[in-house]
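The values are calculated or read from the model by the stated rules, or taken from the named source; none is laboratory data. Being a predicted model, the structure only gives us computed values, none of them experimental. In this analysis, Cβ positions are derived from the backbone assuming ideal geometry, glycine residues included, and neighbour counts consider all displayed protein chains. Just so you know, the surface numbers come from the protein's heavy atoms only, side chains and all, with ligands and any DNA or RNA stripped out. Shrake-Rupley method; radii C 1.70, N 1.55, O 1.52, S 1.80 Å.
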Amino acid sequence: MSFPKGFLWGGAVAANQCEGAYLEDGKGLSVPDMLLGGDVNTPRTFLPVTDPNAFYPSHEAIDFYHHYKEDIALFAEMGWNVFRLSINWGRIFPNGDDAEPNEAGLAFYDSLFDECKKYNIEPLVTICHYEIPWAIVTKYGGFSNRAVIDLFLKYCETIFKRYKDKVKYWLTFNEINIACMGEGGIGNLYGLGVMEEEDINATQPIKLSDLKSNRQRTYEALHNEFVASAKAVILGHEINPDFMIGNMIAHVTTYPLTPDPKDILACIDEENLKNNLCCDVQVRGEYPVWACSLFKKLGVDTSFITDEDLAIIKKGTVDFHTFSYYMSNCITTHQGAETTNANMTHGGKNPYLKASDWGWQIDPDGLQYTLETLADRYPHVPLMVVENGFGAFDKVEEDGSIHDDYRISYFKSHVKAMKKACENGVPLIGYTTWGPIDLVSAGTGQYAKRYGFIYVDRHDDGTGDFARSKKDSFFWYKKVCESNGEIID
Ligand code: BGP
């Protein structure tokens, strides 16, 4: 069997990277609203005050807030039956701890979901995609403060009740493991809403890679997110037992660079820390056996983990496991190995793979390997690839056409890899490509790093009129979706 009947085909976006309208209809500031742009060689920077002369890409993004009807019509034209998007927490609770939710924000998503329904597109909603309200960062210290679990739960209860008949598929936290992806404050800020005091009050832009972090605080905050996620799963099932609530991790597949057994062991450690820790907790409902020694190695005191937390984590396991997959990396204990840039992940270079202009190593076989490994590790849950895509510079021809054969070739090989995994029995239920419409890059803040099947006329200097147009890949993906993955070439 190749792709099963009813397989979910679509694309994925995040509110902060597409909506814009960053203060419209009562929305409060959230973390990405404080970030300036960068590029492959220039890290994004953080500047807490909104400097009127600075260019904050999320403020207007691609103005999806005012174009969603047009965009969803284009998605429907491609034959989608699922659309992954996030609700921007700050549209619903502008300060994170407001007594009442913001009705205008709720109404916006009502209308967005109605639009999906019109075309029989199932929304898949990420509850928190790096969009922690800024006031939660400054007033509470993000998820390092247990009080934020309740704020998150109140937000979940509000949207679960409001959309209980409109949304079936939910993901709690986007790439919850980003906090484990190396040292530095970016994972803390994006994933956990945690910042050190001196950075919060910065008056000059700070490189994201230079943000300070405190490891003890990071893992306490991550644990609080595990508890928050599990509580959300329990609550969601009480509100609507038909809800399917999943986790989401950034899966960066890692290989040992050499057959040196030391590299094999190093690879296990790397995969455990970066990929397996979070999934084991959220899918299996318990910290893995090696967690104690891992925390010891990291110098993290785990006395913050209570028996009550563990019982909640056990009860609130997810209904399906989802992940982003863009690339693989290598690891070695040998000195002098070449590395690849790949912002946020910085991996070892694989001599057998080519990389994108941003250093992300293209590895479709790695996707098959990952799916088959995950199906063994978590045999009782369906899997879904909720992000996969190719960031590239696109050229608009004089007649307006965009011949993005490099993107088609990336997707072809990855769809074929998923097909093989399905044939080998992997319970894969869906696929949402990342950035089906060009949007702001999370890592670099660029528009120029384009992922879309749909081009958006918007540029890093702030010019462009937001007009949408179809790239060659649009027509290719339409055939894939309409044929349930039978027509790939
Ligand atoms: C994932 C994020 C997305 C998205 C994607 C591509 O880590 O969940 O938000 O942005 O990566 O990354 P980038 O935008 O840096 O190219």
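Looking across segment 445-456 at every residue that is within 15 Å of Asp357 (Cβ to Cβ) and open to solvent by less than 20 Å² (accessible area, probe 1.4 Å), the one that is nearest to the ligand (Cβ to nearest atom) is identified as Lys449.
Among the candidates Val167, Val227, which residue alone is more than 16 Å from the ligand (Cβ to nearest atom) and outside any helix (DSSP H, G or I)?
On the way: Val227 fails: outside any helix (DSSP H, G or I).
It is Val167.
If only residues of segment 351-375 that are of a type in the set (S, T, N, Q) and open to solvent by less than 10 Å² (accessible area, probe 1.4 Å) are counted, the one that is nearest to Ala250 (Cα to Cα) is Thr370.
For the condition over 23 Å from the mean Cα position of the chain (by Cα), closer than 22 Å to Thr218 by Cα, small (Gly, Ala, Ser) and open to solvent by 70 Å² or more (accessible area, probe 1.4 Å), what is the one hit in Ser303, Ser293? I'd like the intermediate steps shown before the answer.
Numbers: Ser293 fails: open to solvent by 70 Å² or more (accessible area, probe 1.4 Å).
Criteria check complete, one pass: Ser303.
Can you confirm whether segment 360-367 contains a residue that is modelled with pLDDT of 95 or more, farther than 29 Å from Asp263 by Cβ and in a loop (DSSP other than H, G, I, E, B)? Looking for residues that are modelled with pLDDT of 95 or more, farther than 29 Å from Asp263 by Cβ and in a loop (DSSP other than H, G, I, E, B), one finds none in segment 360-367, hence no.
In the set Tyr169, Tyr155, only one residue is out of contact with any Asp or Glu (no Cβ under 8 Å at 6 or more places or on another chain) and closer than 23 Å to Cys278 by Cα; that residue is Tyr155.
Restricting attention to segment 449-458, the residues that are in a loop (DSSP other than H, G, I, E, B) and free of Cβ contacts under 8 Å to residues at least 60 places away in the same chain add up to 2.
Would you say Lys139 is touching a strand residue (DSSP E or B) at 6+ places or on another chain (Cβ under 9 Å) and open to solvent by 30 Å² or more (accessible area, probe 1.4 Å)? Criteria not met by Lys139. Contact map, segment 433-448: first residue of a type in the set (Asp, Glu), second residue in a loop (DSSP other than H, G, I, E, B) and more than 8 Å from the ligand (Cβ to nearest atom), Cβ cut-off under 7 Å, separation 6 or more or different chains; pairs are Asp438/Ile62; Asp438/Tyr447; Asp438/Gly452. Just one of the numbered conditions (1) within 16 Å of the ligand (Cβ to nearest atom); (2) open to solvent by less than 10 Å² (accessible area, probe 1.4 Å); (3) not hydroxyl-bearing (Ser, Thr, Tyr) is not true of Leu383: (1).
Summed over segment 238-281, the residues that are in contact with a Cys (Cβ under 6 Å, 6 or more places away or on another chain) and assigned to a strand (DSSP E or B) give a count of 4.
Restricting attention to segment 234-252 and to residues that are crowded, with 23+ Cβ neighbours inside 10 Å and β-branched (Val, Ile, Thr), the residue that is farthest from the chain's Cα centre (by Cα) turns out to be Ile245.
Quick check: anything in segment 306-321 more than 30 Å from Gly430 (Cα to Cα) and open to solvent by less than 30 Å² (accessible area, probe 1.4 Å)?
yes
Please determine, by comparing only the residues of segment 322-338 that are of a type in the set (S, T, N, Q) and in contact (Cβ under 8 Å) with a residue 40 or more places away in the chain, which one is farthest from the ligand (Cβ to nearest atom). Across segment 322-338, the extreme among qualifying residues is Thr333.
Can you pull out every residue in segment 399-444 that is within 16 Å of the ligand (Cβ to nearest atom) and of a type in the set (Asp, Glu)? Spell out the reasoning first.
Start the filter on segment 399-444 by keeping residues that are within 16 Å of the ligand (Cβ to nearest atom), which leaves 404, 406-407, 410-411, 414, 431-444.
Asp404, Asp438 - these are the residues of segment 399-444 that are within 16 Å of the ligand (Cβ to nearest atom) and of a type in the set (Asp, Glu).
Which residue out of Ile305, Ile313, Ile362 is within 16 Å of the ligand (Cβ to nearest atom) and β-branched (Val, Ile, Thr)? Give the derivation first.
Numbers: Ile305 fails: within 16 Å of the ligand (Cβ to nearest atom); Ile313 fails: within 16 Å of the ligand (Cβ to nearest atom).
Going through Ile305, Ile313, Ile362 in turn, just one is within 16 Å of the ligand (Cβ to nearest atom) and β-branched (Val, Ile, Thr): Ile362.
Does Tyr155 count as among the aromatic types (Phe, Trp, Tyr), open to solvent by 20 Å² or more (accessible area, probe 1.4 Å) and closer than 23 Å to Gln282 by Cβ? Criteria not met by Tyr155. Among the residues making up segment 415-447, those that are small (Gly, Ala, Ser) and under 19 Å from the mean Cα position of the chain (by Cα) are Gly430, Gly435, Ser441, Ala442, Gly443, Gly445. Within segment 166-188, residues that are surrounded by fewer than 24 Cβ atoms within 10 Å (Cβ to Cβ) sit with their Cβ atoms under 7 Å from residues that are aromatic (Phe, Trp, Tyr) and outside any helix (DSSP H, G or I), at 6+ positions apart or across chains, in these pairs: Lys168/Phe243. Here Asn53 passes the criteria (1) out of contact with any Gly (no Cβ under 6 Å at 6 or more places or on another chain); (2) farther than 25 Å from Ile87 by Cβ; (3) open to solvent by less than 50 Å² (accessible area, probe 1.4 Å); (4) of a type outside the set (Lys, Arg) except the one numbered (3).
Looking across segment 463-489, not a single residue is modelled with pLDDT under 95 and in contact with a strand residue (DSSP E or B) (Cβ under 8 Å, 6 or more places away or on another chain).
Among the residues of segment 303-312, not a single one is without any contact (Cβ under 8 Å) to a residue 12 or more places away in the chain and closer than 18 Å to Cys180 by Cβ. The set of residues in segment 459-477 that are assigned to a loop (DSSP other than H, G, I, E, B), open to solvent by 10 Å² or more (accessible area, probe 1.4 Å) and out of contact with any helix residue (DSSP H, G or I) (no Cβ under 7 Å at 6 or more places or on another chain) comprises His459, Asp460, Asp461, Gly462, Thr463, Gly464, Asp465, Ala467.
Of the residues Glu486, Glu397, only one is within 30 Å of Pro4 (Cβ to Cβ), assigned to a loop (DSSP other than H, G, I, E, B) and open to solvent by 40 Å² or more (accessible area, probe 1.4 Å); which? Write out each step before concluding.
On the way: Glu397 fails: within 30 Å of Pro4 (Cβ to Cβ).
One residue alone meets the criteria, Glu486.
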